[in-house]
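Colleague: Mind having a look at this structure? Questions to follow.
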Amino acid sequence: MDTIKALIIDDEELARSIIREFLSDHPDIQVVAECSNGYEAVKAVTELEPELLFLDVQMPKLNGFEVLELIESDLIVIFITAYEQYAVRAFEVHAVDYLLKPFSRERFDQALARAREKRTRKEFVPRLDILSAAKPSNEPAERVLVRDGSRVFVIPTEKIDYIEAQDDYVAIRSEGKSHLKKQRLSDLQAMLSPRKFVRIHRSYILNVDRLARLELYAKDSRMAILKDGTKLQVSRSGYEALKELL
Amino acid sequence: MHPILANLERFAVYIIGWLIFGVMIAAVLALPKDFSWTEALALAMPLTVIYGLICLSSWYVCRFYTLQKTPIVQVLAVQTIASIITILAWGVVATGWIFILERGVGIMELQTRVVAKGPLLIGINVILYGLAAAVHYLIAAFEASKESERRELQSRIFAQDAELKALRAQINPHFLFNSLNSISALATHNPAAVRAMTLKLADFLRKSLRLGSQESIRLEEEISMSLNFLEIEQIRYGSRLQIVQQIDDVCKGCLVPPLILQPLVENAVVHGIAHLIDGGTISIEAQWRGSVLHVHIENPIDPDRPRGRKGGLGLENVKKRLRAIYKEDAQLQIDDRDGVFRSDLWLPAQTDLNLNRPSPETVPTTLPSQM
C-alpha cells in the first residue's frame, strides 16, 4: 500500500491525541512523529521527510506559519486552529485545508481526502506564498528566522547589521556571524521596516543604525562605512534612498 | 480660559449689561443738572464699559478664593482689596479720559465737577464690583456643576464599557473552542474526564454570568473563579501549567469588582504559559496591607517573544475600570523583566459589612418554583 508519512504538530497533548484517534481509520497515513513545538517540527521535517503535516497555528516559540517558512521541502499542510482569522492566511499559503477546533470525524476525513487528491496531482504549497503569508499583515517583521540543517536561529531585526544577496540566497550578517537563507533580497526587504533598512545597492540591505559615514570614491559611486569598519558599495539609487531616510 | 471671554454670547450680554449701567450712571449725573446729558453720556458710557472690562479680572480672584474652600471672612477681605485695586485702576483711566474731554474736546471744568461727585461714583463702583464678583461666582458654580456632571457621566460610561469588555473577554470564544476540543479529544477514552471538564466549564460560565452583573463580589469568589478558569486550562495544557496560590484569610471577605482579575489570569496563560515549551507556574497571592488589598499575579514569560503583542488591551481595560470605580485610589502595576511577568493590583480594602450574609455557594441558583 502507498503510505503517506505524516507529522502531527500541536503543543497540546489532547489536541494531538484526537488527530491520532481519527487517523486510526486511515492505515495509509503513517504518523512518523508528533511534535509539541515549532523547533521540534522543523527538525522532524528535515530528518524524517514527511509529506503531510497536521499543523497547529498557535505554538510556543515558532507558530505554524513560521514553521512552514523554515521548511524547504514540498509538503501538504492541513492547518488546525481555534482561530477563524487564521483560516484566511491558511488559504493564502494554499494549505490543503484547515480544521477549526473542535472538528468532527467527517470533517477530518474530508480534509484527508482533499490531501490525498492534492498529493496525486502533486500540488504542493508554493514557497513564495508561504514567505509572504508567514508574516502577520502590514506590521514590519520583528525577527527573521533562519534554518541551518535542523537548527533554527531566531534573529531579532535590530541585531542585523546588513544583508547581502548571494545567488538564490541571502546572507544575513548579525553579531559577527553570517546566516544563509533561501529568499530573494527584495522579498526580505519587503518584510523589514523601511525606516530601519535601506536597499543601498542591488546586493545590499543596510541597517541604517550601523552606518558610520559615507565616502565618495568615484563619480556617482559611494562607500558606506559601517561602525565595525565594513565597507559596502552604495549605488546612486541607494544613495538617494539613504538621503531620504537620514 | 475666562468663562465670559471664551463665549461670544456671554461677552455680548455682559457688555450690554454694563452699557445699561453706563446710561444709569449718566442719568445720575445729568438729572441733578450738574452735567448736560451729552457731557454725562460722554463721560459715563466709555468709563463704565472700561470698568466692566476691568471687573472681568475678578474671575481670577473668584476662582482662586472659591466659596467652598475659603472662609467667608477671607473671601470678603480679599474681594475688598480687589475692589479697591479695581477702582484705583478705573480712577487712572477716568483721569485720563477727563483730561482728554477737557483739553481735547473742550468741556469746561469737568474735573472739578467730577471730583465733587467722587464719593457717589466710588460708591456706585463698589456696588458694581460686588455685582461683577457675584456674577463670576455664579458662573463658577455653574461650570463646576456641569463639569462634575460630565465627569460622572464619563465614569459611568467607562464602567459600563469596561464591564462589557470584561464580560466579553470572560467568555473568550477561543478559550471555549479549545476547551470543547479537549472534551472532544477526551470523549473516546476518558468519559470521566469529559464529565469533570464539562462540570468545570458549566461552573465557570454560570459564575461569570451571575457574578459579572454584580457591582462587587468577595475576593474569595473572584479567586475561585480564576482558579476555576485555570483548572480548565490545566486540562488542556497538562503538566505545562502549574498553579500556586496564597490568599491570606483576612482578605477573603474584601470586596472587589467582579472579573477584575480575569484579564490578568487569562494573560498569564495566553501570553505567558502558552508560549513556553516547558510551561511554568502561575502564582496568585493576596495580602491585606493596612487599608489596602494587594493582589499579586506572577507567571514566567518567553523573553525572546517580540514585544507589543502582550495583551495590552486587557490590561488597559482593567486600568480604565479601576479608574472609573476608585478614581486615584486603586492601581495596577505591570512589571515585565527577566522572563517573569508580574501584575500587582492595589485596591482600597473594603469589606462586606454584613458578615452573616450566606455565602453564594449555599444559595440555590434555581428556585424550586422555576424547576
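Colleague: So A:A165 clears everything in (1) of a type in the set (G, A, S); (2) closer than 23 Å to A:G64 by Cα; (3) surrounded by 13 or more Cβ atoms within 10 Å (Cβ to Cβ) except one condition, right? Which one?
Modeller: It is condition (2) that A:A165 fails.
Colleague: What number of residues within segment A:51-61 satisfy the criterion of being surrounded by 22 or more Cβ atoms within 10 Å (Cβ to Cβ) and closer than 16 Å to A:L112 by Cα?
Modeller: 5
Colleague: If we scan segment A:19-41, do we find a residue that is buried (at least 23 other Cβ atoms within 10 Å of the Cβ), under 25 Å from A:R184 (Cα atoms) and under 20 Å from the mean Cα position of the chain (by Cα)?
Modeller: Looking through segment A:19-41, at least one residue is buried (at least 23 other Cβ atoms within 10 Å of the Cβ), under 25 Å from A:R184 (Cα atoms) and under 20 Å from the mean Cα position of the chain (by Cα).
Colleague: Another question, then. Being touching a residue at least 60 places away in the same chain (Cβ under 8 Å) and farther than 16 Å from B:A89 by Cα is the filter here, so list the residues in segment B:44-60 that pass it.
Modeller: Correct list: B:W59 only.
Colleague: Out of all the residues in segment B:228-240, is one or more out of contact with any helix residue (DSSP H, G or I) (no Cβ under 8 Å at 6 or more places or on another chain) and either surrounded by 17 or more Cβ atoms within 10 Å (Cβ to Cβ) or within 14 Å of chain A (Cβ to nearest Cβ) (or both)? Walk me through it before giving the result.
Modeller: Residues of segment B:228-240 out of contact with any helix residue (DSSP H, G or I) (no Cβ under 8 Å at 6 or more places or on another chain): B:234, B:239.
The next check asks that each one be either surrounded by 17 or more Cβ atoms within 10 Å (Cβ to Cβ) or within 14 Å of chain A (Cβ to nearest Cβ) (or both); those that pass are B:234, B:239.
Yes, that holds for at least one residue.
Colleague: Take the residues of segment A:62-77 that are touching an Asp or Glu at 6+ places or on another chain (Cβ under 7 Å) and either under 26 Å from B:P303 (Cα atoms) or surrounded by 22 or more Cβ atoms within 10 Å (Cβ to Cβ) (or both): which is nearest to the other protein chains (Cβ to nearest Cβ)?
Modeller: Taking segment A:62-77 and keeping what is touching an Asp or Glu at 6+ places or on another chain (Cβ under 7 Å), we get A:64, A:73, A:75-76.
Checking which are either under 26 Å from B:P303 (Cα atoms) or surrounded by 22 or more Cβ atoms within 10 Å (Cβ to Cβ) (or both) leaves us with A:64, A:76.
Values: A:G64: 14, A:I76: 22 Å.
Per the criteria, the residue is A:G64.
Colleague: Output the helices (runs of 4 or more DSSP H) that fall wholly within segment B:76-194 and possess 1 or more residues being on the phi < 0 side of the Ramachandran plot, surrounded by fewer than 17 Cβ atoms within 10 Å (Cβ to Cβ) and under 34 Å from the mean Cα position of the chain (by Cα), or say none. Step through it out loud before you land on a result.
Modeller: Details: elements: B:110-116, B:118-170, B:173-186.
Where helices (runs of 4 or more DSSP H) fall fully within segment B:76-194 and carry at least 1 residues being on the phi < 0 side of the Ramachandran plot, surrounded by fewer than 17 Cβ atoms within 10 Å (Cβ to Cβ) and under 34 Å from the mean Cα position of the chain (by Cα), they are B:118-170, B:173-186.
Colleague: Pairs needed: first member in segment A:220-246, aromatic (F, W, Y); second member anywhere, not in a strand (DSSP E or B); C-beta distance under 9 Å; at least 6 residues apart or different chains.
Modeller: The qualifying pairs are A:Y239/A:D220.
Colleague: Can you tell me which residue among B:P300, B:P306 is modelled with pLDDT of 90 or more, within 14 Å of another protein chain (Cβ to nearest Cβ) and surrounded by fewer than 21 Cβ atoms within 10 Å (Cβ to Cβ)?
Modeller: Numbers: B:P306 fails: modelled with pLDDT of 90 or more.
The match here is B:P300.
Colleague: Being within 20 Å of A:R116 (Cβ to Cβ), out of contact with any helix residue (DSSP H, G or I) (no Cβ under 8 Å at 6 or more places or on another chain) and aliphatic (A, V, I, L, M) is the requirement here; does A:L48 meet it? First the steps, then the outcome.
Modeller: Values: within 20 Å of A:R116 (Cβ to Cβ): yes; out of contact with any helix residue (DSSP H, G or I) (no Cβ under 8 Å at 6 or more places or on another chain): yes; aliphatic (A, V, I, L, M): yes.
In short, yes.
Colleague: Scan segment A:19-41 and give yes if some residue there is closer than 28 Å to A:H179 by Cα and in contact with a Phe, Trp or Tyr (Cβ under 6 Å, 6 or more places away or on another chain), otherwise no.
Modeller: no
Colleague: To continue, here is another question. Could you tell me which residue of segment A:14-44 is farthest from A:E69 (Cα to Cα), considering only residues that are touching a strand residue (DSSP E or B) at 6+ places or on another chain (Cβ under 8 Å) and away from chain B (no Cβ under 14 Å)?
Modeller: A:D28
Colleague: Without any contact (Cβ under 8 Å) to a residue 24 or more places away in the chain, away from every other protein chain (no Cβ under 14 Å) and either closer than 17 Å to B:W346 by Cα or touching a His at 6+ places or on another chain (Cβ under 8 Å) (or both): is that true of B:E328 in this structure? Write out each step before concluding.
Modeller: Details: without any contact (Cβ under 8 Å) to a residue 24 or more places away in the chain: yes; away from every other protein chain (no Cβ under 14 Å): yes; either closer than 17 Å to B:W346 by Cα or touching a His at 6+ places or on another chain (Cβ under 8 Å) (or both): yes.
Here the answer is yes, as B:E328 does meet what is asked.
Colleague: At pLDDT below 95, surrounded by fewer than 19 Cβ atoms within 10 Å (Cβ to Cβ) and within 14 Å of another protein chain (Cβ to nearest Cβ): does that describe A:D11? Show your work before the answer.
Modeller: Numbers: at pLDDT below 95: yes; surrounded by fewer than 19 Cβ atoms within 10 Å (Cβ to Cβ): no; within 14 Å of another protein chain (Cβ to nearest Cβ): yes.
No.
Colleague: Right, another one. Look at segment A:207-246 and say how many of its residues are under 27 Å from A:E142 (Cβ atoms), of a type in the set (K, R) and exposed (fewer than 14 other Cβ atoms within 10 Å of the Cβ).
Modeller: 2
Colleague: Considering only segment B:172-210, how many residues are away from chain A (no Cβ under 14 Å) and touching a residue at least 60 places away in the same chain (Cβ under 8 Å)?
Modeller: The qualifying residues number 2.
Colleague: Also, quick follow-up: Do you know which residues across segment B:241-253 are crowded, with 20+ Cβ neighbours inside 10 Å and at pLDDT below 95?
Modeller: First, pick out the residues of segment B:241-253 that are crowded, with 20+ Cβ neighbours inside 10 Å: B:241, B:251.
Within segment B:241-253, just B:C251 meets the criteria.
Colleague: Here is a check on your reading of the model: is B:I284 within 14 Å of chain A (Cβ to nearest Cβ) and either farther than 30 Å from A:T157 by Cα or without any contact (Cβ under 8 Å) to a residue 60 or more places away in the chain (or both)?
Modeller: Numbers: within 14 Å of chain A (Cβ to nearest Cβ): no; either farther than 30 Å from A:T157 by Cα or without any contact (Cβ under 8 Å) to a residue 60 or more places away in the chain (or both): yes.
Spelling it out, it is not the case that B:I284 is within 14 Å of chain A (Cβ to nearest Cβ) and either farther than 30 Å from A:T157 by Cα or without any contact (Cβ under 8 Å) to a residue 60 or more places away in the chain (or both).
Colleague: What number of residues within segment A:96-112 are of a type in the set (F, W, Y) and assigned to a helix (DSSP H, G or I)? Explain how you work it out, then say what you get.
Modeller: First, pick out the residues of segment A:96-112 that are of a type in the set (F, W, Y): A:98, A:103, A:108.
Going one step further and asking which of them are assigned to a helix (DSSP H, G or I), we end up with A:108.
Counting residues in segment A:96-112 that are of a type in the set (F, W, Y) and assigned to a helix (DSSP H, G or I) gives 1.
The values are calculated or read from the model by the stated rules, or taken from the named source; none is laboratory data. Predicted, not measured: the structure shown is a model, and the values here were computed from it. Because the Cβ atoms are built from the backbone with ideal geometry, glycine has one as well, and the counts that use them run over all protein chains shown.
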